[in-house]
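Undergrad: There's a structure below that I have some questions on.
The values are calculated or read from the model by the stated rules, or taken from the named source; none is laboratory data. Since we're looking at a predicted model, the values are computed, not measured. Cβ sites come from the backbone with ideal geometry, for glycine too, and all protein chains shown count toward neighbours. Surface accessibility is based on the protein's heavy atoms, side chains included, excluding ligands, DNA and RNA. Shrake-Rupley method; radii C 1.70, N 1.55, O 1.52, S 1.80 Å.
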Amino acid sequence: MTWLKGVFWDVDGTLANTEMEGHRPAFNRAFADLGLAINWEPELYADLLSIPGGMRRVRWYASTRGISLTEDQLNAIRDRKRFHYTALARSGAVSLRPGVHRLLEQFNKAGIRQWIVTSSRLASVAALLDSTPDLRTMFQGVVTSDDVEEGKPSPQGYCCALNRSGLSVDRAIAIEDSEAGLAAALAAGLRCLLTPSPWDHGLKERFSEAIAAFDHLGEAGDAAPQFSGPPCRDGMVTLEYLQTLGPTSG
């Protein structure tokens, strides 16, 4: 019997390539809709991702560029961005990261309970779940920024998920891609598996705090480079591999 009974998945950068394929173009379309001379190129957006929260990025960027935005304009950016992101996600423009669907299916078949824990809004998560057949059915619950007062690195989201799911903290793991996500998981007492986003440079110094860190989860013919943790055969993270990373009894 496996010690692992539950998995908490982050969304942006972990489940899917939402940042570059979804959020960035959605912001740019929102800026264009409102006649704002703002366009976030990939390199710039990668730097902005060090600031948690999309609208916090907008406010910071505007303040550093001498761009004055009213609250009405900020609210309009938020609403138009949400509209465009939803459309992009539902169109299939946002892709799952390598190995994600494979591992979701493996957990599901084994009866491992799966929850989403994200600092994104529920509408964004729903759009992604609707983009891929059977994706929504893989999850037993979702905790978003609508459910807590503080986003990651606060552990509130994970604590909420643990409470709602009834899962024991020593029988579950979190899968994350960012330093804020790792900090949130550890603060909640969870083991954390990392598939780091390339723009989160500070995370490299914390790989040893995770049970393992990989470039991605791995597919047949697409082995994942491993950065830390016990060696993983064939470069594919599997349930069998994760069983070796937890308690051996109970």
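Undergrad: On a straight-distance basis, which aspartates and glutamates could pair with Lys152 in a cross-link, Cα separation under 19 angstrom, same-chain partners fewer than 8 positions away excluded?
TA: Asp10, Asp12, Glu19, Asp47, Glu176, Asp177, Glu179, Asp200, Glu205, Glu209
Undergrad: While we're here: Enumerate the calculated ³J(HN,Hα) couplings along the range 236-241 in order (Karplus 6.51 cos²θ - 1.76 cosθ + 1.60, θ = phi - 60°), each rounded to whole Hz, writing x wherever the residue is Gly or Pro.
TA: 10, 6, 10, 4, 4, 5
Undergrad: Next question. Amide H of Cys192 versus every other amide H placed in the peptide plane: which residues, excluding those fewer than 5 positions away on the same chain, fall under 5 Å?
TA: Answer set, sorted by chain and number: Ala174, Ile211.
Undergrad: With springs connecting C-alpha atoms under 10 Å apart, model the chain as a Gaussian network and identify which of Ala110, Ala76, Ala37 has the largest mean-square fluctuation.
TA: Result: Ala37 has the largest fluctuation of those listed.
Undergrad: Picking from Gly221, Gly92, Gly181, which is most flexible by a Gaussian network model of the chain using Cα springs under 10 Å?
TA: Gly221
Undergrad: On to the next question. Let me check I've understood the local charge: for Ala110, count other residues with C-beta under 15 angstrom from its C-beta, Lys and Arg +1, Asp and Glu -1. What total comes out? The partial results should precede the final answer.
TA: Values: positive: Lys5, Arg102, Lys109, Arg113, Arg171; negative: Glu105, Glu240.
Charge balance near Ala110 sits at +3.
Undergrad: Can you tell me, using C-alpha contacts under 8 Å and at least 6 residues apart, the relative contact order of the range 11-88 as a whole percent? Please report the intermediate quantities before stating the final value.
TA: Working: 52 pairs, mean separation 34.4, N = 78.
Over the range 11-88, the number comes to 44 percent.
Undergrad: May I pose another question? Extension gain Val169-Asp234, at 0.36 nm per residue separation less the Cα-Cα distance, in nm?
TA: 20.5 nm
Undergrad: For the chain, what is the accessible area per residue in Å² when the probe is 1.4 Å? Before the final figure, lay out the partial values.
TA: Details: 11340 Å² over 250 residues.
Each residue of the chain exposes 45 Å² on average to a 1.4 Å probe.
Undergrad: Within the range 1-135, what whole-number % of the accessible surface is contributed by carbon and sulfur, with the 1.4 Å probe and all protein chains included in the calculation?
TA: Solvent-exposed carbon and sulfur of the range 1-135 make up 51 percent of the total.
Undergrad: From the backbone phi of the range 115-120, what are the Karplus-calculated ³J(HN,Hα) couplings (6.51 cos²θ - 1.76 cosθ + 1.60, θ = phi - 60°) in whole Hz, Gly and Pro given as x?
TA: My calculation for the range 115-120 gives 10, 9, 10, 9, 8, 6 Hz in order.
Undergrad: Cα-Cα pairs above 19 Å in the range 186-250: how many percent?
TA: Numbers: 677 of 2080 pairs.
Counting pairs separated by more than 19 Å, the tail of P(r) holds 33 percent.
Undergrad: Here's something else I'd like to know. So how far, in whole Å, is the C-alpha centre of the range 60-78 from the one of the range 103-134?
TA: Distance between centres, Cα-based: 32 Å.
Undergrad: While we're looking at this one, here's another question. What ³J(HN,Hα) values, in whole Hz, does the Karplus curve 6.51 cos²θ - 1.76 cosθ + 1.60 give for the range 206-212 when θ = phi - 60°, with x put for Gly and Pro?
TA: Using θ = phi - 60°, the values come out as 10, 4, 5, 7, 8, 5, 5 Hz.
Undergrad: For the chain, taking Cα atoms only, what is the radius of gyration to one decimal and the Dmax to the nearest whole Å?
TA: 18.2, 61
Undergrad: A further question follows. Under 1.5 on a/c is rounded, so check that first for the range 86-210, then, if it is not, pick prolate when a/b is larger than b/c and oblate when it is not; a ≥ b ≥ c are the square roots of the alpha carbon gyration tensor eigenvalues.
TA: Values: a/c = 1.36, a/b = 1.23, b/c = 1.11.
Rounded.
Undergrad: Still on this structure, I have one more. Could you tell me what percent of the accessible area of the range 145-215 is made up of carbon and sulfur, with a 1.4 Å probe and every protein chain present?
TA: Numbers: 1350 of 2910 Å².
Of the solvent-accessible surface of the range 145-215, carbon and sulfur hold 46 percent.
Undergrad: Calculated from DSSP H runs of 4 or more alone, at -39500 (n - 2.57) each and per residue, what is the 222 nm mean residue ellipticity of the chain, nearest 500? All intermediate terms of the calculation are to be shown ahead of the outcome.
TA: Details: 9 runs with 91 residues, N = 250.
About -10500 deg cm²/dmol.
Undergrad: Relative contact order of the chain: what whole-number percent is it, with Cα pairs under 8 angstrom and at least 6 residues apart?
TA: Numbers: 413 pairs, mean separation 57.4, N = 250.
Taking the mean separation of contacting Cα pairs over the length of the chain, I get 23 percent.
Undergrad: Under a Cβ-Cβ cut-off of 12 Å, what is the net charge of the residues other than His201 that fall near it, where Lys and Arg count +1 and Asp and Glu count -1? All intermediate terms of the calculation are to be shown ahead of the outcome.
TA: Values: positive: Lys204, Arg206; negative: Asp47, Glu179, Asp200, Glu205.
So the environment of His201 carries a net charge of -2.
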